[in-house]
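Let me begin by presenting the structure, written as structure tokens, before commenting on it.
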Amino acid sequence: PVFARIREEAPLYYNEQHDFYALSRFDDVNKGVIDHETFISGRGALLEIIKSGMEIPPGTLIFEDPPIHTVHRKLLARMFTPRKINALEPKIREFCAQSLDPLVGAGKVDFIKDFGAIMPMRVISALLGIPEDDQETIRDHGNETLQGQTVDALATGEVFAEFIDWRAEHPSDDIMTDLLNVEFTDEHGVDRKLTREELLIYINVVAGAGNETTTRLIGWAAKVLAEHPEQRRQL
């Protein structure tokens, strides 16, 4: 109802208290999203970060603009190949069973706590090569960063420092190893590898976004299927 009212009464909405504008109609948003010369991401995508005036560190993919965003995005596409994604399916099914089997007969389930928040964390950690014992810490850190609670932590990505150092000495078939070794041409035309700072931030973003967005997707899917039982039956 709030969004419907904004679309109807103030499609270009201004909030005086926090000093920001918001577009709410599809056509306007669609134009803005692709006009990266007028509307930039390079100051951040959260009001707390934008208003802080902090310098966004390199490698923060979702808070970047072309040409560096294009370079970093292509790197990510190289990491998430069809082969890597297809190889994950049996592991994901196994994770699902491990999360859901203990709940059979319980009578009541918290779909996010018992499933939605666990699955993405396990899958993205498997991709990155993060040990199970450390996964919850990584997920909670990522959530705090994306909610604007730990802006300082965003600037360093130091939560991954030990993993990167260890993986540099013990390479494996995971994205962290790939990112450590990948060579690319940067926005200045220089052929190089990712700097340590870029690598820390990059992995921070992949881990955080992989967790947060997918948890929301799973929760929303459950809500919509509950509201449309005939679709749930088909599924």
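The values are calculated or read from the model by the stated rules, or taken from the named source; none is laboratory data. Computed from a predicted model, the values in this text were never measured in an experiment. Positions of Cβ are backbone-derived with ideal geometry, glycine not excepted, and every protein chain shown enters the neighbour counts. Note: areas computed on protein heavy atoms with side chains; ligands, DNA, RNA excluded. Shrake-Rupley method; radii C 1.70, N 1.55, O 1.52, S 1.80 Å.
This table checks each residue for (1) in a helix (DSSP H, G or I); (2) over 16 Å from D186 (Cβ atoms).
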| site | (1), (2) |
| --- | --- |
| P66 | no, no |
| H69 | yes, no |
| L88 | yes, yes |
| A106 | no, yes |
| P120 | yes, yes |
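Please return the ranges of helices (runs of 4 or more DSSP H) entirely within region 125-235 where 1 or more residues are at pLDDT below 90.
On the way: elements: 135-146, 151-154, 161-169, 175-181, 196-227, 229-234.
So the answer is 135-146, 151-154, 161-169, 175-181, 196-227.
Which one is farthest from V205 (Cα to Cα) among residues in region 29-46 that are assigned to a helix (DSSP H, G or I) and open to solvent by 60 Å² or more (accessible area, probe 1.4 Å)?
Taking region 29-46 first, the residues assigned to a helix (DSSP H, G or I) are 29-34.
With open to solvent by 60 Å² or more (accessible area, probe 1.4 Å) added as a condition, the list becomes 30-31, 33-34.
Numbers: N30: 24, K31: 26, V33: 20, I34: 21 Å.
Here the answer is K31.
Across region 91-104, what is the total count of residues that are without any contact (Cβ under 8 Å) to a residue 24 or more places away in the chain and either part of a loop (DSSP other than H, G, I, E, B) or not aliphatic (A, V, I, L, M) (or both)? Steps first, please.
Taking region 91-104 first, the residues without any contact (Cβ under 8 Å) to a residue 24 or more places away in the chain are 93-94, 96-104.
So of that shortlist, the ones also either part of a loop (DSSP other than H, G, I, E, B) or not aliphatic (A, V, I, L, M) (or both) come out as 93-94, 96, 98-99, 101-102, 104.
Total meeting the criteria: 8.
Condition first: touching a residue at least 12 places away in the same chain (Cβ under 8 Å), small (G, A, S) and surrounded by fewer than 16 Cβ atoms within 10 Å (Cβ to Cβ). Can you find one or more residues in region 56-64 that meet it?
Applying the first criterion (touching a residue at least 12 places away in the same chain (Cβ under 8 Å)) to region 56-64 yields 56-64.
From what is left, the residues that are small (G, A, S) are 59.
Next, from what is left, pick out any that are surrounded by fewer than 16 Cβ atoms within 10 Å (Cβ to Cβ): none.
No, the conditions are met nowhere in region 56-64.
Report, by residue number, each residue of region 47-64 that is part of a loop (DSSP other than H, G, I, E, B) and polar (S, T, N, Q).
Here is the first cut: in region 47-64, the residues part of a loop (DSSP other than H, G, I, E, B) are 53-60, 64.
T60, the sole residue that qualifies.
Going by what's in this entry, would D19 be described as more than 29 Å from V2 (Cβ to Cβ), open to solvent by 60 Å² or more (accessible area, probe 1.4 Å) and of a type in the set (D, E)? Explain how you work it out, then say what you get.
Numbers: more than 29 Å from V2 (Cβ to Cβ): no; open to solvent by 60 Å² or more (accessible area, probe 1.4 Å): yes; of a type in the set (D, E): yes.
It is false that D19 is more than 29 Å from V2 (Cβ to Cβ), open to solvent by 60 Å² or more (accessible area, probe 1.4 Å) and of a type in the set (D, E).
Only one of (1) in contact (Cβ under 8 Å) with a residue 12 or more places away in the chain; (2) within 29 Å of P1 (Cβ to Cβ) is not met by F39, so which one is it?
All conditions pass for F39, except number (1).
Under the condition of being farther than 16 Å from D114 by Cβ and either touching a Leu at 6+ places or on another chain (Cβ under 8 Å) or touching a residue at least 12 places away in the same chain (Cβ under 8 Å) (or both), which residue from region 217-234 is most open to solvent (accessible area, probe 1.4 Å)?
Taking the candidates together, the pick is R232.
Inspect region 94-105 for any residue being modelled with pLDDT of 90 or more, open to solvent by 70 Å² or more (accessible area, probe 1.4 Å) and of a type in the set (D, E) and give the result as yes or no.
For region 94-105, residues modelled with pLDDT of 90 or more, open to solvent by 70 Å² or more (accessible area, probe 1.4 Å) and of a type in the set (D, E): present.
From the list A161, A168, pick out the single residue that is open to solvent by 20 Å² or more (accessible area, probe 1.4 Å), of a type outside the set (F, W, Y) and more than 21 Å from L88 (Cβ to Cβ).
Numbers: A161 fails: open to solvent by 20 Å² or more (accessible area, probe 1.4 Å).
Every option except A168 fails the conditions.
Cβ-Cβ below 7 Å, separation at least six or inter-chain, first residue in region 162-189 and more than 18 Å from M79 (Cα to Cα), second modelled with pLDDT of 85 or more and open to solvent by 30 Å² or more (accessible area, probe 1.4 Å): which pairs?
E187/P67; E187/I68
Applying the selection to region 1-40, what residues are among the aromatic types (F, W, Y) and within 26 Å of the chain's Cα centre (by Cα)? Lay out the reasoning, then the answer.
The first filter runs over region 1-40 and keeps only residues among the aromatic types (F, W, Y), leaving 3, 13-14, 20-21, 26, 39.
Scanning region 1-40 gives F3, F20, Y21, F26, F39.
Would you check which residues across region 63-91 are of a type in the set (V, I, T) and modelled with pLDDT of 85 or more and list them?
Let us first name the residues in region 63-91 that are of a type in the set (V, I, T), namely 68, 70-71, 81, 85.
I68, T70, V71 - these are the residues of region 63-91 that are of a type in the set (V, I, T) and modelled with pLDDT of 85 or more.
Report the residue count in region 1-28 for those that are part of a loop (DSSP other than H, G, I, E, B) and small (G, A, S).
Within region 1-28, the subset part of a loop (DSSP other than H, G, I, E, B) is 1, 10-11, 16-19, 24-25.
Filter once more, so that each one left must be small (G, A, S): 10, 24.
Matching residues across region 1-28 total 2.
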